[in-house]
Amino acid sequence: MNILSQITNYIKENVLKNVRNYNLDSLLSANSLCSFNNYLDMVNCIDDITYDFSTFLYSSFVEQIDEAFFNSNYRKQFCDVLFIQGRNLMTLFGEVTFERRYYYDRLKNKYYYFVDEVLCIKPYSRFDPFVCAKICEVSSHDSYAKAGRIVSEMIGKRLKFNDNPDKILINRAQARNIVMNFDIPEIDYGTRDNVKKLFVMLDEKWVHSQYHYDSEGKKLDFMVKACVVFEETEIVYKNKKKKDSKVRYRLVGKHVLSSIDGDLKKQLDNYIFNTYDVEQIDELVFMGDCASWITAFPDGFKYHKNMKVIFSMDGFHYSQAIENICTKKYQDLVNILKDYCKNDDKESFISACNSLIETCPERKETIEIKMNYILNNWKYIQVYYYDNPMRCCMESNISHCFADIFTARPRAYSERGLRQLLKLRMLKVNNQDIQKIYFGVLNNEFKEEVLINSDIFTYTQKDTDVYHLPYEITKYFRSYLTV
């Protein structure tokens, strides 16, 4: 029996039966009340029919493909059937059960399930590739537990009124295993031309750790070093609905990089070299909060002798230090101190800070710390005022890219788990299609594992009905099979 005959029989035996069982006469009776429950009953009936039909169709297709291979000339010549085994698979249609044969290929000396190989279904996996890809996509911006709940709601019946509302098909551990088994590849982000000036913002984010200790047994958090590369800014909108509304800008050519392995500099170097024509870049501007690793970061990025590489202080941390010196009590001093910095008047700045220490001796330590912070980075403040027209917005990018998923709630990560999630998060913030990437990786994994050649799918309609399905899907499979 071919697939069309199976579908026809199923419709006759099940779909029509369910439709007839729907109590239409009760709606037409004189005692019928106008109620939303009538509509709910109708939609639930449709939902039950489509759910049953979808899972039946899935298993029928799979078993028919296996049956086609079983009757093929290649199988008869080279493959022995060892046993038939069922398999349960959680798909977006619902949980499906099908049977397939386990073969031994004498020509290639290999044991395999033909269906699993040709459809690229991973062995021992309970979830089909679409479910796994969706889990990886949602995990890039939500926790494993929430990713499991979101994807579980997409599986099977669309209306859940008759099901247990607390039932979760994919739990946190299963979602984590799916993400950890995703072999995330290096992505080619293409090239960009005619870029004369490039900006790089730098900062770090501390993330709580699991099983990460120093030599003395003290628990250490992970320092995620991150950078944002962009070319310029452009106005998104400038309509001011309120007096305090600000003009909104977006970063052009934005790309985010991160690392916990100390290779951020290498990542940035590879990205710039592979994305831009470095001979055309006249100026490279780094911006940050002047931490020691940040101020040392620009070393080695001068790609040609005429290229200008500068470092500018982050305006947020600069203003914050001035505010901490003055406090709200002496707000009139804020602009004065900033003018001293802008005019490169270091002596007047020191004198003003010392006067403030005499006035508020109880704040001496705080004022000295912030004053020294300004003095130690004085040259970078001059760059901020005179050589860098761009203002650093790295704090908001850190909050958006990392704090939202890693530190918004109390969580801790293993080194391997954090490294994997960082790769996944970078795909998300760099606007990559994670599901498409997942399918590409899966396709590459199985491309060299195909156990048959395309001659199996060259039957014509003159053959028996059992070959009709493979004949129809020949074009689909040819792109995945080796000849």
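Each value in this text was obtained by applying a stated rule to the coordinates, not by laboratory testing. Only a predicted model underlies this, so the values are computations on that prediction, with no experimental measurement involved. Cβ sites come from the backbone with ideal geometry, for glycine too, and all protein chains shown count toward neighbours.
Which ³J(HN,Hα) values in Hz, rounded to whole numbers, follow from the phi angles of the stretch 82-88 under the Karplus curve 6.51 cos²θ - 1.76 cosθ + 1.60, where θ = phi - 60° and Gly and Pro get x?
Result, ordered by residue: 8, 6, 10, 9, x, 8, 9 Hz.
Where in the stretch 393-435 does the amide nitrogen come within less than 16 Å of the point 7 Å from the Cα of Leu220, taken along Cα to Cβ?
Once the point is set 7 Å along Cα→Cβ of Leu220, 413-416, 418-419 turn out to lie under 16 Å by backbone N, inside the stretch 393-435.
Report the local net charge at Ile184: Lys and Arg +1, Asp and Glu -1, summed over other residues whose C-beta lies under 11 Å from its C-beta.
Summing Lys and Arg as +1 and Asp and Glu as -1 gives +1.
For a quick protection proxy, order the peptides 61-71, 364-374, 253-263 by their average other-Cβ count within 10 Å, most packed first.
61-71, 253-263, 364-374
Count charges around Glu358 for me, please; just the other residues with Cβ under 14 Å from its Cβ, Lys/Arg as +1, Asp/Glu as -1.
After counting each charged neighbour, the total is 0.
Using the structure shown, list the pairs from Lys254/Lys308; Lys265/Lys302; Lys110/Lys423; Lys254/Lys302 with a Cα-Cα distance above 25 Å, or answer none.
Over 25 Å Cα-Cα: Lys110/Lys423.
What order, most packed first, do the peptides 409-415, 274-280 have when packing is the mean number of other Cβ atoms within 10 Å of each residue?
Per-residue Cβ counts within 10 Å, averaged per peptide and sorted highest first, yield 274-280, 409-415.
Once phi is turned into θ = phi - 60°, what whole-Hz ³J(HN,Hα) does the Karplus curve with 6.51, -1.76 and 1.60 give for every residue of the stretch 327-334, x standing for Gly and Pro?
Couplings: 6, 5, 5, 10, 5, 5, 7, 4 Hz.
Which aspartates and glutamates, if any, have their Cα less than 20 Å from the Cα of Lys218, not counting same-chain residues under 8 positions apart?
Hits, sequence-local ones excluded: Asp261, Glu415.
Under the 0.36 nm per residue contour assumption, what length would be gained going from the current alpha-carbon distance of Asp188 and Lys266 to full extension?
Extra length available between Asp188 and Lys266 comes to 26.5 nm.
Could you compute the FRET efficiency for His400 and Lys329, with r as their C-beta to C-beta distance and R0 at 35 Å, rounded to 0.05?
About 0.55, to the nearest 0.05.
Run the reach check for Lys346 against aspartates and glutamates, Cα to Cα strictly under 18 Å, same-chain hits fewer than 8 apart removed. What comes back?
Straight-distance partners of Lys346: Glu323, Glu368.
What does DSSP give for the stretch 58-185 in terms of the percent of beta bridges that are antiparallel, rounded to the nearest 5?
95
What's the local net charge at Ala175, with K and R +1, D and E -1, over the other residues with C-beta under 11 Å away?
With Lys, Arg at +1 and Asp, Glu at -1, the neighbours total +4.
Can you run phi through the Karplus equation (6.51, -1.76, 1.60; θ = phi - 60°) for the stretch 171-180 and list ³J(HN,Hα) in whole Hz, with x for Gly and Pro?
8, 5, 5, 5, 4, 5, 4, 5, 5, 5
How long are the semi-axes of the equivalent ellipsoid of the stretch 273-324, taking √(5λ) for every eigenvalue λ of the Cα gyration tensor, in whole Å from largest down?
Working from the Cα gyration tensor, I get semi-axes of 28, 11, 9 Å.
Run the simple label-point estimate for Gln210 and Tyr104 please: 7 Å along Cα→C-beta, distance reported in nm.
4.2
Students often check this: by mean Cβ neighbours within 10 Å, which of 151-157, 131-137 ranks highest, and how do the rest follow?
Put in order of decreasing packing, that is 131-137, 151-157.
If I stretch the segment between Gln280 and Lys122 completely, what's the gain in nm (0.36 nm per residue apart, minus their alpha carbon distance), one decimal?
52.2 nm
Name the aspartates and glutamates eligible as straight-distance cross-link partners of Lys76: C-alpha to C-alpha under 20 Å, and not fewer than 8 places from it in the same chain.
Partners within reach: Glu63, Asp66, Glu67, Glu99, Asp105, Asp116, Glu117, Asp455, Asp463, Asp465.
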